[in-house]
1. When the residues of the range 119-128 are narrowed to those that are without any contact (Cβ under 8 Å) to a residue 24 or more places away in the chain and open to solvent by 60 Å² or more (accessible area, probe 1.4 Å), which ends up nearest to the chain's Cα centre (by Cα)?
2. Tell me which of these Glu225 doesn't satisfy, since it passes every other one: (1) surrounded by fewer than 19 Cβ atoms within 10 Å (Cβ to Cβ); (2) of a type in the set (D, E, K, R); (3) in contact with a Leu (Cβ under 9 Å, 6 or more places away or on another chain).
3. Being polar (S, T, N, Q) and either surrounded by 15 or more Cβ atoms within 10 Å (Cβ to Cβ) or over 23 Å from the mean Cα position of the chain (by Cα) (or both) is the filter; apply it to the range 206-222 and report the residue that is nearest to Gly128 (Cα to Cα).
4. Working only within the range 167-191, note down all residues that are without any contact (Cβ under 8 Å) to a residue 60 or more places away in the chain and assigned to a helix (DSSP H, G or I).
5. Inside the range 86-110, can you point out the residues that are open to solvent by 20 Å² or more (accessible area, probe 1.4 Å) and of a type in the set (A, V, I, L, M, F, W, C)?
6. Would you be able to tell me the number of residues in the range 72-91 that are more than 11 Å from Gly105 (Cα to Cα) and touching a residue at least 40 places away in the same chain (Cβ under 8 Å)?
7. Can you confirm whether Asp67 is in contact with a helix residue (DSSP H, G or I) (Cβ under 8 Å, 6 or more places away or on another chain), surrounded by fewer than 15 Cβ atoms within 10 Å (Cβ to Cβ) and without any contact (Cβ under 8 Å) to a residue 40 or more places away in the chain?
8. Restricting attention to the range 192-203, which residues are open to solvent by 40 Å² or more (accessible area, probe 1.4 Å) and touching a residue at least 40 places away in the same chain (Cβ under 8 Å)?
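The values are calculated or read from the model by the stated rules, or taken from the named source; none is laboratory data. Only a predicted model underlies this, so the values are computations on that prediction, with no experimental measurement involved. Ideal geometry is used to build each Cβ from the backbone, glycine not excepted, and the neighbour counts take in all protein chains shown. The protein model used for the area step is the full one, side chains on, heavy atoms only, and it has no ligands, DNA or RNA in it. Shrake-Rupley method; radii C 1.70, N 1.55, O 1.52, S 1.80 Å.
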Amino acid sequence: MQPSTDRQLIQVALVEDDVHFQNTIIAAIEASPDIRLASMASTRAQGLHALAKPPADVLLVDLGLPDGSGVDVIRAAHAQWPTCAVMVCTTFGDEAHVLQSIEAGASGYLLKDSAPDNMLHEIRSLHGGGSPISPLIARQILVRFRSASAMPPASTPSAPAARTGNEQPAALSSREKEVLELITKGFTADEIARLMQVSLHTVQTYVRRIYSKLKVNSKAEAIYEARHQGILVS
């Protein structure tokens, strides 16, 4: 095991009961010059106990543990290790598990179909502030988001009431509205590109168009103006 004084290394805590997946991740980490395995647990109880130790930089958690749900570990880590980024690594791709994990504090969600090298890349991405999400999960989140956005509000104040003359809301395209909604929910440009499965350049182009059409220069102004014009309803 590498010296604990090497704090420049990304310290990873693993909570995983699948021995094959354990060995795969551990071997990949040991071969990596910038990542160190700080702790390893195979059960929910062991995972919760590991939180008594100094916080890791990244926590990888499986959801289907032999003695309970990994969501409990995520929730506890979010409270006890607030600086630690949590990523789910699981076979569960259903909406309930995804939403429970995100609500508990997970910043990433990967299905166990990634190659070891890709897993290391995602660990680095998570540690750097990203939110790695498997394509299947990203599509699922987008479908849910689009469905929610398509539902008409039960009752909304008449935004045009505050407007004067023949002034009309900016004509944003459906994709521009989608980007604006994601910005409002706090997603970064990189995360929006991943969710929409487009390039970062494409997202930046959408953002520039939104700013131009709304006649603003920042995200905060764009959100305010879009709500003022009735483009965003909440």
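1. First, pick out the residues of the range 119-128 that are without any contact (Cβ under 8 Å) to a residue 24 or more places away in the chain: 121, 125, 128.
From what is left, the residues that are open to solvent by 60 Å² or more (accessible area, probe 1.4 Å) are 121, 128.
Details: His121: 15, Gly128: 12 Å.
Looking at residues that are without any contact (Cβ under 8 Å) to a residue 24 or more places away in the chain and open to solvent by 60 Å² or more (accessible area, probe 1.4 Å), I get Gly128.
2. (1)
3. At the first step, the residues of the range 206-222 found to be polar (S, T, N, Q) are 212, 217-218.
This time we only want the ones that are either surrounded by 15 or more Cβ atoms within 10 Å (Cβ to Cβ) or over 23 Å from the mean Cα position of the chain (by Cα) (or both), so: 212, 217.
Working: Ser212: 31, Asn217: 26 Å.
Ranking the candidates gives Asn217 first.
4. Let us first name the residues in the range 167-191 that are without any contact (Cβ under 8 Å) to a residue 60 or more places away in the chain, namely 167-168, 171-189.
Residues satisfying the conditions are Ser174, Arg175, Glu176, Lys177, Glu178, Val179, Leu180, Glu181, Leu182, Ile183, Thr184, Ala189.
5. Result: Phe92, Ala96, Leu99, Ile102.
6. 1
7. Working: in contact with a helix residue (DSSP H, G or I) (Cβ under 8 Å, 6 or more places away or on another chain): yes; surrounded by fewer than 15 Cβ atoms within 10 Å (Cβ to Cβ): yes; without any contact (Cβ under 8 Å) to a residue 40 or more places away in the chain: yes.
So Asp67 passes the test.
8. Passing the criteria: Arg194, Gln197.
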